[in-house]
Structure formats: C-alpha cells, structure tokens
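Have a look at the structure below before the remarks.
The values are calculated or read from the model by the stated rules, or taken from the named source; none is laboratory data. None of the values given here were measured: they were computed from a predicted structure. Every residue, glycine among them, receives a Cβ derived from its backbone with ideal geometry; neighbour counts consider all protein chains shown. Surface areas here come from the heavy atoms of the whole protein model, side chains and all, with no ligands, DNA or RNA. Shrake-Rupley method; radii C 1.70, N 1.55, O 1.52, S 1.80 Å.
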Amino acid sequence: MKLTLKIWRQKDASSSGKMVEYPINGIEGDMSFLEMLDVLNEELINKGDEPVEFDHDCREGICGTCSMQINGEPHGPDRLITTCQLHMRKFNDGDTIVIEPFRAKAFPVIKDLIVDRTAFERIQQAGGYISVNTSGNTVDANAIPINKHAADEAMDAAACIGCGACVAACKNASAMLFTAAKVSQFALLPQGRVEAVDRVQNMVRQMDLEGFGNCTNTGACEVECPKGISLENIARLNREYLSASVKG
C-alpha cells in the first residue's frame, strides 16, 4: 500500500507547528496505525531526520495514550477502538492521511502528536476516589449488597481510559463525558455516596479551572469514545451536581 501522510510537526509547546508531507510505501493492511508510524520513523531515522513523536504504551487499547486525530476523527475512522487498534486495512492504496494532535486549550502540545493531558489527572485528584480504609481492614466483596443494574452501570462508567477523545471530538472541547464517567462510577455505589456532594462539586470546579469548554449535548463525545461511554453519565453528573448544590 502506498500512502501520503500529512503530519503535524511541532518542536515544543512554545514553537509554531506546521503540516509536513511524507510519502510512504510497503504498508500492509494488517499493520496497526502505530506500526505504520514505526515504519515511517525507521525511514526518517535512517535518513538522519528526526522521527515523529507520538505517545503510546500498551498498544492493546487499555491505556489511552496513543490518542491522535486522524483525518479529523479522534482515533481514526473505526469505532470503539483506540489508535493502536486501528488497522491500515481501513484505508485504501493511494490515500492521503492527515494526522494531528488533539486540539484543546487544556491539552497543550508537548511535541508533534503528543499533548499534555495532565488536566484529566487533576480532575481525578479533585474527587475521583473514596476514603474508605481498606488497608489491613479488608471486607468481603459481597458484604454490601449492590443492585446488579447499578453495578453494571458503574463498571461501564469505570471503563473510561481518560484518552481525551471526548474532548477532541467536542466543538467546545468539553470534558463533561470524562468527568461524568469518573463521578458516575462512584455515585452508583454505596461506597461512593459518603463523599458524593464534595466529589461532584470539586471535580466540576477543577474541570472549569482547567479551561475545558461547556457541554452543549451534541453527542460527538459518545460517538468517538473508544469505550462507548454513554451520555447518560452526563445526565447523572448534572443530577448529582444539582443535588449537591441544593444540599450545599
């Protein structure tokens, strides 16, 4: 397969970036998107050029660090997968592929296709935890009965890997789906109700401080989410926030 890659190159956060075109040959359909970039980088290194910087870790769709914008879509044209799970058979011989970093004020570019997503970590640190003492004080998992429907919904929310696709897909660069998932996974369980009021208020406050935009319910976040996190979580976040505001 012969392709033309148009890739965003940017030295660092303070430098101006630009699109650079790279022709590439010999790409097999069974290659992953990251393996294709590995081939390109090997060619660049052999020519004495600087390789394209991109983030990755597990390459198994678990960590979410491989996030990038491919032809205008977070993680590319396939659904319910991360970039590392995208295969080149989704493209055709002779295609031009535009590859960019996620674009959001709260996700500043570090270099090339790598962005700083520590804003998500700060939102999580603001309230995404419980203070139940489990150290040396273990309790049987079934000691507190939990409705299966609630447990399943909590697990679905906990599937969020914090990749940032929801932010990249949103016209407002909103982090509501991410924050809602992190609130929901605790709000649905009795262990999370103790700090529910402080949690939702603190996490929403931190989300706003990070500079993310407002949610206008267009639904692009759910469509592009590699884990299929539902918009129902945003509705739950809104209910939790309203309840906390009244109680506060």
- Query: Roughly what would the spin-label model give for residue 238 and residue 28, points 7 Å off Cα along C-beta, in nm?
  - Reply: 4.9 nm
- Message: Per 0.36 nm of contour for each residue apart, how much would the distance between residue 11 and residue 171 grow if the chain were fully extended, relative to their Cα-Cα spacing?
- Response: 55.0 nm
- Query: Hey, can you rank 116-124, 15-23 by average C-beta count inside 10 Å, highest first?
  - Reply: 116-124, 15-23
- Item | Tensor-based shape of region 165-207 (alpha-carbon gyration tensor, a/c under 1.5 rounded, otherwise prolate or oblate) | oblate
- Note on the structure: Amide H contacts under 5 Å for residue 53, restricted to residues at least 5 apart in sequence or on another chain and with H modeled in the peptide plane, are 113
- Item | Phi-based couplings in Hz for region 204-218 (Karplus 6.51, -1.76, 1.60; Gly and Pro marked x) | 5, 4, 5, 4, 5, 5, 6, x, 6, x, 7, 7, 10, 6, 7
- Work out from phi, with θ = phi - 60° and the Karplus expression 6.51 cos²θ - 1.76 cosθ + 1.60, the ³J(HN,Hα) of each residue of region 58-65, listed in order in whole Hz, and give x for Gly and Pro. 6, 6, 10, x, 10, 8, x, 6
- From the backbone phi of region 173-187, what are the Karplus-calculated ³J(HN,Hα) couplings (6.51 cos²θ - 1.76 cosθ + 1.60, θ = phi - 60°) in whole Hz, Gly and Pro given as x? 6, 7, 9, 5, 5, 4, 4, 5, 5, 6, 6, 4, 4, 9, 4
- Task: Report, to the nearest whole %, how much of the accessible area of the chain belongs to carbon and sulfur atoms, 1.4 Å probe, protein only.
- Result: 48 percent
- Note on the structure: To the nearest 10 degrees, the tilt of helix 33-46 (Cα long axis) against the first principal axis of the alpha carbons of the chain is 40 degrees
- Message: I'd like to know which of 58, 75, 106 lies farthest towards the positive end of the charge dipole of region 3-111, counting +1 on Cβ of Lys and Arg and -1 on Cβ of Asp and Glu.
- Response: 106
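Which whole-number value in Å² is the accessible area per residue of the chain, probe 1.4 Å? Don't jump to the answer; show the numbers that get you there.
Details: 12670 Å² over 248 residues.
With all protein chains present, the chain gives 51 Å² per residue.
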- If the chain between residue 79 and residue 57 were fully extended at 0.36 nm per residue, the gain over the current Cα-Cα distance would be 5.9 nm
- Nearest 10, in degrees from 0 to 90: the angle of helix 118-127 to the longest Cα principal axis of the chain is 10 degrees
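If you place +1 on the Cβ of every Lys and Arg, -1 on the Cβ of every Asp and Glu, and leave all else neutral, what size is the dipole of the chain about its Cα centre, to the nearest 20 Debye?
Using Cβ point charges on Lys, Arg, Asp and Glu, the chain gives about 920 debye.
Tell me, what is the FRET efficiency for residue 130 and residue 246 to the nearest 0.05, using R0 = 22 angstrom and their Cβ-Cβ distance as r? Walk me through the numbers on the way to the answer.
On the way: r = 22 Å, r/R0 = 1.02.
So, using R0 = 22 Å, E works out to roughly 0.45.
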